[in-house]
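Student: My questions all concern the structure below.
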Amino acid sequence: MFGFSMIKLVRQHADKLDLHMRSKLVNLYRPMRKVPCFLHSSIEKWLKKRNKMKVLIEFHEEEANVLGATQVHELIASHRKCKVHHQFGSIPFCSATLTANAVEDLLTNCTHIKKIHYDREVKALLDKASPSIHADVLNQSGVTGKDITIAIVDTGIYPHSDIKDRIIGFQDFVNQKSEAYDDNGHGTHCAGDAAGNGYLSDGKYRGPAPEANLVGVKVLNKTGSGSLSTVIAGVQWCIDNKEEYDIKVISMSLGSSATQPAADDPVVKAVEKAWQEGMVVCVAAGNEGPDDNTVSSPGISSKIITVGAIDDQNTLDRSDDKIASFSSRGPTIDGITKPDILTPGVNIVSLRSPGSYLDKVSKDSRVANDYFSLSGTSMATPICAGVAALVLEQNPDFTPDQVKEKLISAAEDWGLPVNSQGHGYLDVSKLI
């Protein structure tokens, strides 16, 4: 077994292959266990040419991004079934589909490659919110998120009556459609969690920023799944179109298991670049609680705002509220305290996307005709993003770090372990 070329490649270039890539390459040889030895050589050649895998290629330095991508294009030109899909301008990465032969060629001959990551799956994080965090106090004083744009990086946005006039942009990285839609329903719910105005419920079901603008960035498919490269492409689009749509906040209710330090994580690098470019990034902690060390990527980033979920018991009185059992706990893989803050995430009623995947499989979650109830840190995250929009309406010159500091200052210590509650339960009335 150790004589196979991919085994040798993994041993020789272990530092240039993430854990998932090493596993993929080694697992090429699983069929060999039942194959006579004299056939191994010919079958190995066939497997190396036939098996394709989606990858993220990381280059050493940002200035090497163009040179590295050019070299990758040249090297894989001789390999059938291989293709470069995206080159990301803000971080030194490109995404591609490669055969095992092409991976071997790149690691041997491309001098600019720092690491090849497997383009693994990312999922939507699923398992009377605004009044519970006292957002209505600010709303009543005229702070409603007006003219602040929130980008919902998710499954899309259905033009629900509560938000349709404020959807000012839409980008689809899954089906390349130009008109706003949501075939899953998760992104629409999140959009309402942040910025629904309650039009069809006489104001009953509204988010903390009912006058904020919205941009939909579809990176997850009908069933709520996507890939690292598609999520990064969505964040890159927000960076590239920040000025055109005046994007101030990015809400990401998605994630994948954190398997490497934040400094090595491709999606963490993308969201931290967006933060550096002046956009507040709110990300779900994940729904793997109550166990420790369960915070998802990119929520493991020390810079961005990672949001956990609290159960408000569907009452306005906060005294009976408790942390949601599913809310992921820290510390992160790097030992960093997470989440940063808690907001409501249990039985949150928000916008329904009629005919979507969730609408069909969870009919009992429908509320009246136009709304839908869901639970998860997915719901807690856009609620926090909506509050970030309120902070920015009041303080338009604030940097993301200042917004984060302001939100943390409005968190109420709930007496829980720090890696369960972070700085505590958000109370928007403290922002006044």
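Student: Determine the relative contact order of region 183-321: mean sequence separation of Cα pairs under 8 Å and six or more apart, normalised by residue count, in whole percent. The partial results should precede the final answer.
Tutor: Numbers: 182 pairs, mean separation 23.2, N = 139.
Dividing the mean separation by the residue count of region 183-321 yields 17 percent.
Student: List the residues whose amide H sits under 5 Å from the amide H of LEU254, counting only those 5 or more places along or on another chain, with H placed 1.01 Å from N in the peptide plane.
Tutor: LEU125, ALA284
Student: Taking square-rooted eigenvalues a ≥ b ≥ c of the alpha carbon gyration tensor, is region 59-124 rounded, prolate or oblate, where a/c under 1.5 means rounded and, failing that, a/b exceeding b/c means prolate?
Tutor: Because a/c hits 1.5 or more and a/b fails to exceed b/c, region 59-124 counts as oblate.
Student: Accessible area per residue of the chain at 1.4 Å probe, in Å²?
Tutor: Per residue, the chain has 40 Å² of solvent-accessible surface.
Student: If you take the Cα Rg of region 154-259 and divide it by 2.2 N^0.38 Å, with N the number of residues, what do you get?
Tutor: Against the empirical 2.2 N^0.38 Å value, I get 1.04 for region 154-259.
Student: Right, next: Output needed: percent of Cα pairs per 20 Å distance bin for the chain, bins running from 0 to the one holding the longest distance.
Tutor: Pairs per bin, as whole percents: 28, 52, 19, 2.
Student: Taking the radius of gyration and the Kirkwood hydrodynamic radius from Cα positions alone, what is the Rg/Rh ratio for region 322-415, to two decimal places?
Tutor: Ratio value, two decimals: 1.05.
Student: Report the one residue of THR149, HIS20, ILE167 whose Cα lies farthest in the direction of the positive end of the charge dipole of the chain (charges on C-beta: Lys and Arg +1, Asp and Glu -1; origin at the Cα centre).
Tutor: HIS20
Student: Quick check: at a probe of 1.4 Å, how many percent of the accessible area of region 268-383 sits on carbon and sulfur atoms?
Tutor: Working: 1620 of 3830 Å².
After summing per-atom areas, the C and S share lands at 42 percent.
Student: Tally Lys and Arg at +1 and Asp and Glu at -1 over the other residues with C-beta under 15 Å from the C-beta of GLN421: what net charge comes out?
Tutor: For residues surrounding GLN421, the net value is -4.
Student: While we're looking at this one, here's another question. With +1 on the Cβ of every Lys and Arg and -1 on the Cβ of every Asp and Glu, and nothing else charged, how large is the dipole of region 108-247 about its Cα centre, in debye rounded to the nearest 20? Don't jump to the answer; show the numbers that get you there.
Tutor: Values: 14 positive and 19 negative charges, 81 e Å.
Using only the charged Cβ atoms, the result is roughly 380 debye.
Student: Report, to the nearest whole %, how much of the accessible area of region 130-215 belongs to carbon and sulfur atoms, 1.4 Å probe, protein only.
Tutor: Looking at region 130-215 in its full context, I get 42 percent from C and S.
Student: For a test of the definition: using alpha carbon positions, the gyration tensor, and the 1.5 limit on a/c, classify region 194-317 as rounded, prolate or oblate.
Tutor: Working: a/c = 1.87, a/b = 1.20, b/c = 1.55.
Verdict is oblate for region 194-317.
Student: Rounded, prolate or oblate: pick one for region 245-344, where a ≥ b ≥ c are the square roots of the eigenvalues of its C-alpha gyration tensor, a/c under 1.5 means rounded, and failing that, prolate if a/b is larger than b/c, else oblate.
Tutor: It comes out oblate by the Cα gyration axes.
Student: Quick one: putting +1 on the C-beta of Lys and Arg, -1 on the C-beta of Asp and Glu, what dipole do you get for region 270-366 around its Cα centre, in Debye to the nearest 20? Can you show the working numbers first?
Tutor: On the way: 10 positive and 14 negative charges, 73 e Å.
For region 270-366, the charge dipole is close to 340 debye.
Student: Oh, and also: So for each of 100-108, 204-212, 170-178 I average, over its residues, the number of other beta carbons within 10 Å; can you give me the resulting order with the highest mean first? Kindly include the intermediate steps, with their values, before the conclusion.
Tutor: Working: 100-108: 20.6, 204-212: 26.6, 170-178: 15.4.
The peptides rank, most packed first, as 204-212, 100-108, 170-178.
Student: What does the helix-only formula give at 222 nm for the chain: each DSSP H stretch with n ≥ 4 adding -39500 (n - 2.57), the total divided by the residues, and the result rounded to the nearest 500 deg cm²/dmol?
Tutor: So the helix-based figure for the chain works out to -9000 deg cm²/dmol.
Student: Let me know the charge dipole size of the chain about its Cα centre in debye, to the nearest 20, where only the beta-carbon of Lys, Arg (+1) and Asp, Glu (-1) is charged.
Tutor: 2420
Student: Then there is this: Using 0.36 nm per residue of separation minus the Cα-Cα distance, give me the extension gain between LEU67 and LYS81 in nm, one decimal. Please report the intermediate quantities before stating the final value.
Tutor: On the way: separation 14, 0.36 × 14 = 5.04 nm, distance 2.23 nm.
Net length gain for the segment: 2.8 nm.
Student: Given R₀ = 45 Å, what would the calculated FRET efficiency be for ASN175 paired with VAL26, taking r from the Cβ atoms and rounding to 0.05?
Tutor: Working: r = 34 Å, r/R0 = 0.76.
So, using R0 = 45 Å, E works out to roughly 0.85.
Student: A follow-up question, please. At 1.4 Å probe size, what's the solvent-accessible area of LYS430? Round to the nearest 10 Å².
Tutor: It works out to around 100 Å².
Student: Hey, how many Å between the Cα centroid of region 194-263 and the Cα centroid of region 92-109?
Tutor: So the separation of the two Cα centres works out to 31 Å.
Student: Just how much of CYS190 is accessible, in Å², when a 1.4 Å probe is used and the result is rounded to the nearest 10?
Tutor: CYS190 has an accessible surface of roughly 0 Å² with all protein chains in place.
The values are calculated or read from the model by the stated rules, or taken from the named source; none is laboratory data. Since the model is a prediction, treat every value here as computed from it, not as a measurement. Every residue, glycine as well, gets a Cβ built from its backbone with ideal geometry; the counts of neighbours run over all protein chains shown. For the accessible areas, the whole protein counts, side chains as well, though only heavy atoms, and no ligand, DNA or RNA atoms are used. Shrake-Rupley method; radii C 1.70, N 1.55, O 1.52, S 1.80 Å.
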